[in-house]
1. Can you work out the Karplus-derived ³J(HN,Hα) for every residue in segment 165-181? Use 6.51 cos²θ - 1.76 cosθ + 1.60 with θ = phi - 60°, whole Hz, and x for glycine or proline.
2. Non-local amide H neighbours of K245 (under 5 Å, H modeled in plane, Pro and chain starts lacking H): which ones?
3. Please give the peptides 300-311, 69-80 ranked by average Cβ packing (other Cβ atoms within 10 Å per residue), highest first, as a rough proxy for protection.
4. Check which residues have an amide H placed less than 5 Å from D191's amide H, if you skip close sequence neighbours.
5. By how many nm would the segment from A247 to R137 lengthen if fully extended, with 0.36 nm per residue of separation less the alpha-carbon distance?
6. Can you tell me the length gained on complete extension of the stretch E117 to E74, counting 0.36 nm per residue apart and subtracting the Cα distance?
7. Suppose each label sits 7 Å from its Cα in the direction of the beta carbon; what would the K172-F209 distance come out to in nanometres?
8. Tell me, what ³J(HN,Hα) does each residue in segment 31-46 have, in order and in whole Hz, if you take phi through Karplus 6.51 cos²θ - 1.76 cosθ + 1.60 with θ = phi - 60° and put x for Gly and Pro?
Amino acid sequence: MLKTLMTTLAAIAVVLMLAPDAWAQSTLIKGKVLDTEGKPIQGATVTIELKTGAPRKYQTKTDRRGEFVQLLTESGEYLVTASFEKIGTAAAPVRVRLGAPADVTITLAPGGGASPEEAKKNAELKKAFDDGVAASRAGDHDAAIASFTAAAGLMPNCHDCYYNIGVSQMAKKDEKAAEESWKKALEIRPDYVEAMNALATLYNNQKRFDEAAAMSAKAAGSGGGAGGSADAVYNQGIILWNQGKIAEAKAKFEETIKADPTYADAHYQMGMALLNEGKLPEAVGSFETYLKLAPDGQFAAQAKAMVAQLKK
């Protein structure tokens, strides 16, 4: 994470047309359930479970095109399980962020129901991923890495597994390993903006500014919905600020706020940019907006001190 001007890592997926005010309150998971020949499975049961925060479970069915859509109100780690009585069951972990819809495709193997081996593998995958999430939340990053690695062994194309491995490796200050894990996630899913943002942040911390700027620009240009774009553009602003390009950084913070008016950290950084320009009343307004959006945020103490000082 950035040390001077910290940012959060965020996930984004595909662009969906939603009303602008919906981005701040909701998102969704959409996807397909197919057989091994790539044909859609109609009537498959899709269960969507939130694995972070308060437990949430949703259930829906696929339509004639094998597609499903489920509206969500919380970001976090989800496990999507598809089942069809005449074929079998399969699961896939998905990371979701509010304002950044996620897309998933699940393939069910034929055979009149899941074989004992398949059922065991699916159960092991679910447990490994769940254990990884729990360990990560508890701060036990060694256990989290072991669990997500086990999940990746069961599901080699699990880009979320490698992303989470990188997060825990970063928490252990193993930057080289984290970089490789996030690169692996991008090999599996080239449009995985969350991994791009993670790498951009890492490169910025390491003062590899050209690589950071290139990765951040790639993230911003990869599409994915307003929320995800806001994260990528904000990251660009942070990189520019750390390069001393204050005017360009300010433009990126403005762009971030336009994409997502509730993006608290962008308001704080806008306040810093305005302060740098000597626009004190405007800076106070930005700091106060930040405090309304994130009263206990990472910059709350600094923002309060700035407001108190500037209003004297």
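1. Each residue of segment 165-181 in turn: 4, x, 4, 5, 5, 5, 4, 8, 6, 9, 5, 5, 5, 4, 4, 5, 5 Hz.
2. none
3. On the way: 300-311: 14.8, 69-80: 18.2.
Result, highest mean first: 69-80, 300-311.
4. The list, which skips near neighbours in sequence, is empty: none.
5. Numbers: separation 110, 0.36 × 110 = 39.60 nm, distance 3.77 nm.
Length difference between fully extended and current span is 35.8 nm.
6. Working: separation 43, 0.36 × 43 = 15.48 nm, distance 3.33 nm.
Full-extension gain reported as 12.1 nm.
7. Going from the K172 label point to the F209 one covers 3.3 nm.
8. Each residue's phi maps through the Karplus curve to give x, 9, 10, 10, 8, 5, 8, x, 8, x, 10, 8, x, 5, 8, 10 Hz.
Each value in this text was obtained by applying a stated rule to the coordinates, not by laboratory testing. Computed from a predicted model, the values in this text were never measured in an experiment. In this analysis, Cβ positions are derived from the backbone assuming ideal geometry, glycine residues included, and neighbour counts consider all displayed protein chains.
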